[in-house]
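For reference, the structure discussed in these notes is given below.
Every number here is computed from the coordinates shown, using simple stated rules; none is lab data. The shown structure was predicted, so the numbers you read here are calculated from the model rather than taken from an experiment. Cβ sites come from the backbone with ideal geometry, for glycine too, and all protein chains shown count toward neighbours.
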Amino acid sequence: MISLNIEKTLGFISKENVFAYEAQVKAAQEALENGTGKGNDFLGWLHLPSSITKEHLADLKATAQTLRDNCEVVVVAGIGGSYLGARAVIEALSNSFTWLQDKKTAPVILYAGHNIGEDYLYELTEYLKDKKFGVINISKSGTTTETALAFRLLKKQCEDQRGKDMAKKVIVAITDVQKGAARVTADNEGYKSFIIPDNVGGRFSVLTPVGLLPIAIAGFDIEKLVAGAVAMEKACGKDVPFAENPAAIYAATRNELYKNGKKIEILVNYNPKLHYVSEWWKQLYGESEGKENKGIFPAAVDFSTDLHSMGQWIQEGERTIYETVISVEKTQYSLQVPSDEANLDGLNFLAGKHVDEVNKMAELGTQLAHVDGGVPNMRIVIPALNEESIGGLLYFFEIACGISGYILGVNPFNQPGVEAYKKNMFALLNKPGYEEESKAIQARL
Ligand code: PA5
């Protein structure tokens, strides 16, 4: 189970003021439960963990097995909420060097459809040329340009390389039940498909097939992942007292810090495997809260790597930041620093210590230094990098995000701002239906 400690924010804000949010948090939780708040048609994630059935997981696992049996590589095509959750979990749980190993126990998972880089797509298609590969096409709208473009390339390559019959077996669609081009293609081609529920937005969809299928293909236990989320659904439920509810405390503390001029939250990890958990978190909070000219800017760093780059700014730059540190209690493996007779590097004072002891002292030393430098610190501790902990962490951030957005007074479940670039891009590319916009934008150039 995860735990949250806000003690090192209390020199900057008071515990009394954090606890003064109790009524607002309660109101936010009730609005979520009763569906009376803004964006109430997108609350399907709230009790998603506890409503996932064994049959659904079995269906996902059977499809995952088909791809595991028939593919050396599986490409996950998706962007934003349709890719970051899967990548966050897979990278958190995978061996850092799996993809370089000759003997693999699961297909290599690669990603596409999250950029429009010609070189990226060229290099990917080149790499896939001699591989038995499959594709998961993930798009709720079924019309997202980045994903559709990548899928067009990958579908053709898969059919050309593996034949139409095998392509049908190893291409899976995860999309809306009836709308969008991805649904039409899946139905026409007879692909196995999974549904993204109408009432679950992309960034809250990691525990739907959007996340669960790629995670299962990568060889991780989706039952345990869901169990971790179910435990956190209970621990953060609306009847849990404010002081004992980590999501309530996190939401209240970040709103109080924001009120006191702390406009940027930096999510910190001391384990490189958590890099994509931070990317997922940035989308969750950025897209949920950044609207109506307000919202904390979510940033992220990987320590101690970034202590040698962003560390200077954090220690002495503008004092508008606070940090939330994700600390992993136990490592998966054990590695001790060897002693060395010559001790030319002067590191014998570390001999016999576990590498993680050094890491933990870097963490503690940094926390003290940053607090001394005027940076409030929160600390989230997870027991280990395993399915249960990660499932719990993801749900914790989701429920805290819903509460926090309601406290801020915005609709945390829409993203009207992401349409502006698409409209301009379509106008510039002369997409049919955008004739007026094309004329208007050309006149501006
Ligand atoms: O959170 C969101 O809603 C977005 O990030 C979407 O997931 C993203 O834009 C991809 O959309 P779609 O799944 O429709 O392709």
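Of 385, 412, 430, which is farthest along the charge dipole of the range 352-430 in the positive direction, counting Lys and Arg as +1 and Asp and Glu as -1 at C-beta?
The residue sitting most towards the positive pole is 430.
Given charges of +1 on the Cβ of Lys and Arg and -1 on the Cβ of Asp and Glu, with all other atoms neutral, how large is the dipole of the chain about its Cα centre, in debye to the nearest 20?
1020 debye
What FRET efficiency comes out for the pair residue 3/residue 331, r = Cβ-Cβ distance, R0 = 22 Å, nearest 0.05?
0.75
Going down the table (140/224; 26/224; 38/294; 262/294), which pairs top 18 Å between alpha carbons?
Too far apart for the 18 Å limit: 140/224; 26/224.
If contacts are Cα pairs under 8 angstrom and at least 6 residues apart, what is the relative contact order of the chain in percent?
Here the relative contact order equals 23 percent.
Mind checking which lysines have their C-alpha under 25 Å from residue 129, skipping anything on the same chain fewer than 8 residues away?
Straight-distance partners of residue 129: 103, 104, 155, 156, 164, 168, 169, 192.
What order do you get for 408-417, 74-83 when each peptide is scored by the mean count of other beta carbon atoms within 10 Å, highest first?
The densest-packed peptide leads the list: 74-83, 408-417.
Dipole of the range 258-307, Cα-centred, from +1 at each Lys and Arg C-beta and -1 at each Asp and Glu C-beta, to the nearest 20 debye?
Once rounded to the nearest 20, the dipole reads 200 debye.
Give the distance, in whole Å, between the Cα centre of the range 356-429 and the Cα centre of the range 257-313.
6 Å
Spin-label point model (7 Å from Cα, Cβ direction): what's the residue 368 to residue 312 distance in nm?
2.5 nm
Please give the residues of the range 56-78, grouped as numeric ranges, whose backbone N is less than 18 Å from a label point set 7 Å along the Cα-to-Cβ vector of residue 95.
Flagged as within label range: 72-74.
May I ask which residue of 178, 196, 209 lies farthest towards the positive end of the charge dipole of the range 157-220, with charges of +1 (Lys, Arg) and -1 (Asp, Glu) on Cβ and the Cα centre as origin?
Ranked along the dipole, the leading option is 209.
Amide H of residue 300 versus every other amide H placed in the peptide plane: which residues, excluding those fewer than 5 positions away on the same chain, fall under 5 Å?
So residue 300 has HN proximity to 267.
Expected output is a single nm value to one decimal: the length gained when fully extending between residue 66 and residue 440, i.e. 0.36 nm times separation in residues minus the C-alpha distance. What is it?
129.7 nm
Might you report the magnitude of the Cβ-based charge dipole of the range 139-267 about its Cα centre, with Lys and Arg at +1 and Asp and Glu at -1, to the nearest 20 debye?
340 debye
When the helix-only estimate is applied to the chain (DSSP H runs of n ≥ 4, each -39,500 (n - 2.57), divided by the residue count), what is the mean residue ellipticity at 222 nm, nearest 500 deg cm²/dmol?
-14500 deg cm²/dmol
Distance in nm between label sites at residue 34 and residue 165, each 7 Å beyond Cα in the beta-carbon direction?
The two pseudo-label positions are separated by 5.9 nm.
Mind listing the long-range amide H neighbours of residue 135? Cut-off is under 5 Å, sequence gap 5 or more, other chains count too, H placed in the peptide plane at 1.01 Å from N.
Residues meeting the amide H criterion: 75, 171, 172.
Which ³J(HN,Hα) values, rounded to whole Hz and listed in residue order, are derived for the range 258-274 from phi using the Karplus coefficients 6.51, -1.76 and 1.60 in 6.51 cos²θ - 1.76 cosθ + 1.60 with θ = phi - 60°, glycine and proline given as x?
Calculated HN-Hα couplings, in order: 4, 4, 9, x, 8, 8, 10, 9, 9, 8, 10, 10, 10, 9, x, 5, 8 Hz.
Given H placed 1.01 Å from N in the peptide plane, which residues other than close sequence neighbours of residue 192 have an amide H under 5 Å from its amide H?
173
Listed highest first by mean packing, meaning other Cβ atoms within 10 Å per residue, what order do 372-382, 29-39 come in?
Peptide ranking by packing, descending: 372-382, 29-39.
Taking every DSSP beta bridge with both residues inside the range 297-404, roughly what % is antiparallel (nearest 5)?
The antiparallel fraction comes to roughly 10 percent.
Could you give me the ³J(HN,Hα) list for the range 11-24, computed from phi with Karplus coefficients 6.51, -1.76, 1.60 and θ = phi - 60°, whole Hz, x at Gly and Pro?
After applying 6.51 cos²θ - 1.76 cosθ + 1.60, I find x, 10, 10, 9, 4, 4, 5, 5, 5, 5, 7, 3, 5, 5 Hz.
Label points 7 Å out from Cα along the Cβ direction at residue 51 and residue 23: separation in nm?
Placing both labels 7 Å beyond Cα along the Cβ direction yields 3.2 nm.
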